[in-house]
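What follows is a short report on a single structure.
The values are calculated or read from the model by the stated rules, or taken from the named source; none is laboratory data. Since the structure is predicted, the reported quantities are computational estimates derived from the model, not experimental observations. In this analysis, Cβ positions are derived from the backbone assuming ideal geometry, glycine residues included, and neighbour counts consider all displayed protein chains.
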């Protein structure tokens with residue numbers, strides 16, 4: 001590793017730790033009044049943010065209903081089937097040294113650091129920007145919802161890390177036809193699927209890209225040629241196999257192969273599309289939704305720009321993810337589409353790297369910080385005593 005790359009990575013690690021610490025700081029100090037916000041509860045607010053304690057519950061029980069029922073929580077045992085196990089598994093690995101609560105935050109922080117480094121190499125190795133360090137630092141603070149999930153117990157940083165790695169090696173395979181690269185795509189895609197349910201969208205997006213390439217670029221006409229071309233992408237099948245493996249694990253735990261779909265109001269996919277704009281939906285409940293229109297506008301435009309830039313696998317991923325998200329009926333849509341944002345940053349790289357954009361980002365930096373704190377303070381689970389989760 002040359003000195004410049006080592007220096008850039010050191011800056012990324014330092015920036016990730018410092019920005020996370022700045023989010024934690026008013027909680028650590030239990031400030032009574034910071035910008036008219038009250039941090040009296042202290043650091044427990046960070047620990048109690050959704051859905052961190054739920055992943056600790058899984059780490060302690062691995063979906064055993066009897067163990068779940070023994071923990072201080074008010075949710076049904078089957079509810080936890082809505083949360084996939086890999087993030088909890090990582091929490092469990094570090095828990096003997098750190099305890100479960102600190103392990104939860106350590107895994108989130110470590111995943112964020114690795115995601116930012118992976119993003120750096122992504123844009124650097126494929127020459128997607130002349131400023132890989134600067135774009136990677138911006139990746140740490142945009143979108144604002146990302147700043148929140150990477151500062152609390154959440155599976156998104158681990159999931160986004162694995163998605164970036166899977167797509168990195170997929171582009172490497174398209175560039176080099178090195179079979180190890182497509183095998184790594186399948187392995188990281190498998191881990192992404194074991195982390196969060198939308199991992200299957202990676203498989204769907206890449207499968208659509210492969211079909212498009214076979215039929216419209218290579219103009220394959222015979223069945224034998226189709227199978228010959230498709231066979232080289234066989235490791236992608238690891239992703240749906242991982243999903244079936246999780247469903248089988250749920251069958252063993254809950255005696256219900258389809259437990260994920262029977263977790264109550266956790267499945268937010270509703271037909272017809274754009275039910276997010278229905279005030280009567282349970283997880284909507286408000287008419288103040290204009291920001292979601294801009295998120296969809298930015299997301300779809302970014303996906304189209306990626307296709308135009310000849311980054312078609314990334315474009316297929318973003319557009320597939322956004323197409324699925326229009327059926328999500330949940331006010332927190334910005335969290336649902338977070339995995340697309342690293343690639344949307346790439347789509348708008350020229351604008352983001354402009355001097356004007358950086359000036360605007362400095363102006364809104366405080367707004368991002370206050371938005372994050374305001375959200376974190378209100379987004380806590382009703383579990384005042386955390387002893388059972390340590």
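Here are some notes:
- Residues that are surrounded by 19 or more Cβ atoms within 10 Å (Cβ to Cβ) number at least 2 in the following helices (runs of 4 or more DSSP H) confined to region 1-118: 3-28, 44-48, 52-61, 86-98.
- Residue 287, sole failed condition from (1) over 21 Å from the mean Cα position of the chain (by Cα); (2) farther than 30 Å from residue 171 by Cβ; (3) assigned to a helix (DSSP H, G or I); (4) free of Cβ contacts under 8 Å to residues at least 12 places away in the same chain: (3)
- Matching residues in region 127-157 - criterion: being part of a helix (DSSP H, G or I) and under 18 Å from residue 3 (Cα atoms): 132, 133, 134, 136
- One residue stands out in region 260-269 among those that are under 22 Å from the mean Cα position of the chain (by Cα) and modelled with pLDDT of 85 or more: the one that is surrounded by the most Cβ atoms within 10 Å (Cβ to Cβ), namely 260.
- Matching entry among 236, 252, 184 (being within 23 Å of residue 324 (Cβ to Cβ) and at pLDDT 95 or above): 236
- Among the residues listed as 300, 317, the single one being free of Cβ contacts under 8 Å to residues at least 40 places away in the same chain, under 20 Å from the mean Cα position of the chain (by Cα) and within 23 Å of residue 123 (Cα to Cα): 300
- Qualifying residue in region 289-299 (condition: under 25 Å from residue 111 (Cα atoms) and either in contact with a helix residue (DSSP H, G or I) (Cβ under 6 Å, 6 or more places away or on another chain) or not assigned by TED's automatic domain parsing to the domain that holds residue 160 (or both)): yes
- Residues that are under 21 Å from the mean Cα position of the chain (by Cα) and under 12 Å from residue 326 (Cβ atoms) within region 271-284 comprise just one, 276.
- Criterion violated by residue 150 - all others in (1) out of contact with any helix residue (DSSP H, G or I) (no Cβ under 7 Å at 6 or more places or on another chain); (2) within 25 Å of residue 365 (Cα to Cα) satisfied: (1)
- Failed item in (1) under 17 Å from the mean Cα position of the chain (by Cα); (2) assigned to a helix (DSSP H, G or I), with residue 124 passing the rest: (1)
- Only one entry of 183, 234, 211, 252 meets the criterion of being under 23 Å from the mean Cα position of the chain (by Cα) and assigned by TED's automatic domain parsing to the domain that holds residue 65, and that entry is 183.
- Residue within region 274-286 that is under 23 Å from residue 159 (Cα atoms), touching a helix residue (DSSP H, G or I) at 6+ places or on another chain (Cβ under 8 Å) and outside the structural domain of residue 197 (by TED's automatic domain parsing) present: no
Table: residues versus (1) surrounded by fewer than 18 Cβ atoms within 10 Å (Cβ to Cβ); (2) at positive phi; (3) touching a residue at least 24 places away in the same chain (Cβ under 8 Å).
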{"position": "186", "(1), (2), (3)": "no, no, yes"}
{"position": "191", "(1), (2), (3)": "no, no, yes"}
{"position": "200", "(1), (2), (3)": "yes, no, yes"}
{"position": "205", "(1), (2), (3)": "no, no, yes"}
{"position": "222", "(1), (2), (3)": "yes, no, no"}
{"position": "247", "(1), (2), (3)": "yes, no, no"}
{"position": "253", "(1), (2), (3)": "no, no, yes"}
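- Considering (1) at pLDDT 95 or above; (2) surrounded by 17 or more Cβ atoms within 10 Å (Cβ to Cβ); (3) in contact with a helix residue (DSSP H, G or I) (Cβ under 8 Å, 6 or more places away or on another chain), the lone condition that residue 214 does not fulfil carries the number (1).
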